[in-house]
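What follows draws every value from the coordinates through simple rules; no lab data is involved. For clarity, every value in this text was computed on a predicted model and none was experimentally measured. In this analysis, Cβ positions are derived from the backbone assuming ideal geometry, glycine residues included, and neighbour counts consider all displayed protein chains.
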Amino acid sequence: QLVESGGGLVQTGGSLRLSCAASGSIFSLMGWYRQAPGKQRDLVASVSVGGSTNYADPVKGRFTISRDNAKNTVFLQMNSLKPEDTGVYYCNAVKSVISGKLEYWGQGTLVTVSS
């Protein structure tokens, strides 16, 4: 249900924009997680359906998350990229249902920042 695009190879200081298109109904929360080699998957940024955002400290001021509810798509604009931003970026979406919450993951897109 989640299709990501926009990863690639970029030099330090460069920019990339990730996109994640979701199918189905609107998700209450959408976000991006990052998994570096040998490390756990950590939250990078999230945005609610109302537009409230949350960022991990290492990316504050450099990354911007946004969403287009009409297109059910979430974006991650990444500027001033650093080698430590390298990893597989996963789109995440949460939907509220009567019995609780359903969580979905994209297939991941690789971002490599060269020094």
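Quick notes on this one:
- Sorted into 10 angstrom bins from 0, the C-alpha pair distances of the stretch 16-93 split as 20, 54, 23, 3 percent.
- With both residues required to sit in the chain, DSSP beta bridges show an antiparallel share near 90%.
- Residues listed by number, the stretch 43-72, amide nitrogen under 19 Å from Ser96 label point at 7 Å toward C-beta: 46-54, 67-70, 72
- The value of relative contact order for the chain, using C-alpha pairs under 8 Å at least six residues apart, is 36 percent.
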